[in-house]
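Enquirer: Below is a structure I'd like to ask you about.
The values are calculated or read from the model by the stated rules, or taken from the named source; none is laboratory data. Just so you know, these numbers come straight off a predicted model, no measurement behind them. So basically every Cβ, Gly included, is an ideal-geometry build from the backbone, and we count neighbours across all protein chains shown. With ligands, DNA and RNA removed, areas are computed over all heavy atoms of the protein, side chains included. Shrake-Rupley method; radii C 1.70, N 1.55, O 1.52, S 1.80 Å.
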Amino acid sequence: MKKLSVKLGVLFFIIIFGLITFMFFFLHNEIADSRIEEELQNLQSRGNSHRAILEKNFNDEMIDHVVLMESESNTDVVITNNSGEVLDSSAPFDTFKKYIEVPLSSIPRDGQVVEEKWNQEPYVATVSPIQINHEVTGYVYMFQDTVSFRSLIQKLNEHFLISGWISVVFTMVIIIFLSKGITKPLIKMKEATSQISKGNFSVSLPKTSDDELGDLANSIELLANDLNYLKQERNEFLASISHELRTPLTYIKGYADIVRKRNLPKEESNKYLTIIVEETNRLATLIKELFELAKLDQNSFIIEKEMIDLNKFFTKIDQRFSPIFNEKQMEFTMNCQQNLFLKADPLRLEQIIFNLLDNSMKYSANGAKISLMTWKNKNEIHIAIKDNGKGIPEKDLPYIFNRFYRVDKSRTRSLGGTGLGLAIVKELINAHGAEIVVKSKENIGTEFELIFKEEKK
Ligand SMILES: Nc1ncnc2c1ncn2[C@@H]1O[C@H](COP(=O)(O)OP(=O)(O)OP(=O)(O)O)[C@@H](O)[C@H]1O
Ligand SMILES: [Mg+2]
């Protein structure tokens with residue numbers, strides 16, 4: 001059995017069928033018992049009322065009268081004296097003989113049932129004692145044919161059988177609809193997932209319910225959208241990489257051909273060779289950065305956090321950068337709050353600061369002012385790097401952290417940018433659980449602010 005709907009249906013059916021059978025069986029027995037009980041009580045009370053009449057006048061005339069009454073009904077009476085001798089009966093006495101032979105010890109005033117096995121015996125019987133002056137003077141035996149009992153039960157059985165069949169048919173119909181209703185969305189989802197695995201991400205599933213099945217359908221749609229987005233992003237990324245790799249290679253090949261084929265004066269061929277070296281360096285950097293990003297993507301790099309004394313840390317950075325700033329006549333100021341400690345990976349933090357300072361230098365004219373500030377605000381440690389360079393146009397701001405995104409492609413190329421620096425910064429910031437905010441105005445300047453949550457230990 002492969003189909004879920006069939007499995008579910010059969011399971012439901014077995015459970016419900018079992019329940020119905022049990023309930024019907026129970027109900028049938030209850031009804032049958034109470035109906036038979038009722039019939040026996042009727043018989044007993046009929047005997048009791050004959051007894052009441054006979055107690056008033058226990059003579060032949062009254063006995064005849066009672067027997068006459070019973071000969072016209074579907075019940076029978078036998079009247080005996082206190083020693084069990086039959087005084088009169090409404091039908092041939094032989095039929096009832098064996099019930100009367102039962103020794104009659106103490107019979108309650110309200111009488112008792114002598115025979116109740118309606119499904120074995122031809123008659124059921126009751127007896128009522130006739131008491132005159134507190135002494136038993138005779139007995140009234142009442143008999144009823146058990147054929148009527150059997151036909152009563154047979155009718156009851158027929159009713160139960162009909163209603164049993166009706167419930168079975170109804171149950172089956174309901175189960176078929178119900179199991180189909182449950183499995184239909186599942187089948188749709190299965191089809192959708194096999195479409196996704198074939199690469200068709202444009203699946204849409206009907207929003208039928210807000211239960212777990214509905215949630216599952218939503219998750220599948222979300223998964224398809226995410227996969228679609230990832231696929232597109234990967235394609236774009238691969239296209240960008242191949243483009244980025246091709247450009248320096250074209251330069252290298254072009255200039256190498258020139259140097260090889262033409263007989264150039266030494267000075268000129270040196271110029272071209274320098275370009276080849278520069279482009280080769282660019283390629284090497286690009287590949288290194290791509291490798292870095294791939295590692296970040298896989299989360300295979302480890303962040304080794306330690307307490308960093310920010311003052312010491314930035315003094316070192318200052319020492320490393322000041323020759324470059326001097327060369328470009330840039331003014332670099334540092335403003336660090338005293339005794340500020342940050343828990344972070346020092347190498348990665350250096351990489352972040354290095355990228356941001358590198359950008360500030362690259363995208364600012366000679367003589368620009370660059371500043372670095374650190375401060376603590378509540379439980380956050382802020383590091384800001386600000387320049388008064390060319391700034392970033394507002395329309396480009398949302399994209400600068402994307403891979404290979406450069407505002408001015410041709411100009412930044414001449415500055416050696418690959419457009420990966422900020423993408424790496426962003427990944428590293430995320431890995432630290434920190435935040436990066438950028439504010440920039442074209443021709444006024446740019447400020448990058450890093451916000452770290454303070455970790456005490
Ligand atoms: N301080 C800044 N001032 C002006 N523009 C900036 C600044 N920082 C970044 N940008 C813009 O954002 C783009 C993306 O920066 P990013 O650091 O990612 O790449 P890149 O500097 O071009 O290349 P790479 O850092 O990989 O060498 C830059 O090309 C530049 O246009
Ligand atoms: Mg950069």
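Enquirer: Counting only heavy atoms of protein chains, what accessible area per residue, in Å², does the chain have with a probe of 1.4 Å?
Expert: Per-residue value: 62 Å².
Enquirer: Suppose only helical runs count, i.e. DSSP H with n ≥ 4. What mean residue ellipticity at 222 nm does that imply for the chain under -39500 (n - 2.57) per run, divided by all residues and rounded to the nearest 500 deg cm²/dmol?
Expert: -20000 deg cm²/dmol
Enquirer: So what are the ³J(HN,Hα) numbers for the stretch 54-69, from phi and the Karplus equation (6.51, -1.76, 1.60; θ = phi - 60°), rounded to whole Hz, Gly and Pro as x?
Expert: Couplings: 5, 5, 6, 9, 8, 9, 4, 4, 5, 4, 4, 4, 5, 4, 4, 4 Hz.
Enquirer: Additional query: Whole angstrom only: what separates the Cα centroid of the stretch 124-154 from the Cα centroid of the stretch 1-34?
Expert: Centre-to-centre distance over Cα atoms comes out at 41 Å.
Enquirer: Magnitude of the Cβ-charge dipole of the stretch 302-453, K/R +1 and D/E -1, about the Cα centre, nearest 20 debye?
Expert: 240 debye
Enquirer: If you don't mind, there's one more thing I want to ask. Quantify, in whole percent, the carbon and sulfur part of the accessible surface of the stretch 302-453 (1.4 Å probe; protein heavy atoms only).
Expert: Using a 1.4 Å probe with all protein chains present, the stretch 302-453 comes out at 48 percent carbon and sulfur.
Enquirer: Let me ask you something else. On full extension of the chain, what length is gained from I303 through F93, given 0.36 nm per residue of separation minus the C-alpha to C-alpha distance? The partial results should precede the final answer.
Expert: Details: separation 210, 0.36 × 210 = 75.60 nm, distance 10.99 nm.
The span from I303 to F93 would gain 64.6 nm if fully extended.
Enquirer: Still on this model: Could you run the Karplus curve 6.51 cos²θ - 1.76 cosθ + 1.60 with θ = phi - 60° over the stretch 305-316 and give me ³J(HN,Hα) per residue in whole Hz, x for Gly and Pro?
Expert: Working through the residues one at a time gives 7, 8, 6, 10, 7, 4, 4, 5, 4, 6, 4, 5 Hz.
Enquirer: Where the accessible area of the stretch 53-212 is counted over protein heavy atoms with a 1.4 Å probe, how much of it, in %, is carbon and sulfur?
Expert: 57 percent
Enquirer: Once the whole set of protein chains is in place, how much accessible area is left on L178, using a 1.4 Å probe, in Å² to the nearest 10?
Expert: That residue has around 90 Å² of solvent-accessible surface.
Enquirer: Count the DSSP beta bridges whose two residues both fall in the chain, then state the antiparallel fraction as a percent rounded to the nearest 5.
Expert: Numbers: 50 of 56 bridges.
The answer is about 90 percent antiparallel.
Enquirer: Run the numbers on the chain and let me know its relative contact order in percent, using alpha-carbon pairs under 8 Å that are six or more apart. Intermediate values should be presented prior to the final figure.
Expert: On the way: 551 pairs, mean separation 44.0, N = 457.
Reported as a whole number, the value is 10 percent.
Enquirer: Per 0.36 nm of contour for each residue apart, how much would the distance between R109 and Q329 grow if the chain were fully extended, relative to their Cα-Cα spacing?
Expert: 66.2 nm is the gain from fully extending R109 to Q329.
Enquirer: Shifting gears a bit: Take the cross-link list K328/K386; K295/K378; K343/K395; K261/K328 and give me the ones stretching past 28 Å between alpha-carbons.
Expert: K295/K378; K343/K395; K261/K328
Enquirer: Counting Lys and Arg as +1 and Asp and Glu as -1, each charge on the Cβ, what is the dipole of the stretch 4-152 about the Cα centre in debye, to the nearest 20?
Expert: That gives a dipole near 800 debye.
Enquirer: What do you get for trypsin sites (Lys or Arg not before Pro) in the stretch 196-241 restricted to DSSP loop and a cutoff of at most 14 other Cβ within 10 Å of the site's Cβ? Could you put the intermediate results ahead of the total?
Expert: Values: sites: K198, K207, K231, R234; in loops: K198, K207.
Of the trypsin sites (Lys or Arg not before Pro), the ones in loops of the stretch 196-241 whose Cβ has at most 14 other Cβ atoms within 10 Å are K198, K207.
Enquirer: OK, next. Using a simple spin-label model with points 7 Å from Cα along the Cα→Cβ vector, what separation in nm is obtained for N81 and T21?
Expert: About 6.0 nm separates the two model spin labels.
Enquirer: Within the stretch 1-37, find all residues whose amide N lies under 11 Å from a label point positioned 7 Å from the Cα of I182 along Cα-to-beta-carbon.
Expert: 4-13
Enquirer: Just subtract the alpha-carbon distance of K369 and F160 from 0.36 nm times their residue separation and send over the number in nm, one decimal.
Expert: Result for the pair: 65.4 nm of gain on full extension.
Enquirer: A further question on this structure: Points 7 angstrom from Cα along the Cβ direction at K288 and K198: gap in nanometres?
Expert: The modelled label-to-label distance comes out at 4.8 nm.
Enquirer: What are the ³J(HN,Hα) couplings of the stretch 182-193, residue after residue, when phi is run through the Karplus curve with 6.51, -1.76, 1.60 and θ = phi - 60°? Round to Hz, x for glycine and proline.
Expert: Along the stretch 182-193, the couplings run 6, 7, 4, x, 5, 5, 4, 5, 4, 4, 4, 5 Hz.
Enquirer: Let me ask something else. Straight distance only, please: which lysines reach the Cα of K117 with their own Cα at less than 24 Å, same-chain residues fewer than 8 apart left out?
Expert: Once the sequence-local lysines are set aside, what remains near K117 is K97, K98, K155.
Enquirer: Test of understanding: extend the Cα→C-beta vector of F13 to 7 Å, then name every residue of the stretch 157-184 with backbone N under 12 Å from that spot.
Expert: Within reach of a label on F13, which here means backbone N under 12 Å from a point 7 Å along Cα→Cβ, the stretch 157-184 contributes 168-177.
Enquirer: Further question on the same structure: Is there a quick way to get the dipole size of the chain? I mean about its Cα centre, with the Cβ of Lys and Arg at +1 and of Asp and Glu at -1; what is the value in debye to the nearest 20?
Expert: 5460 debye
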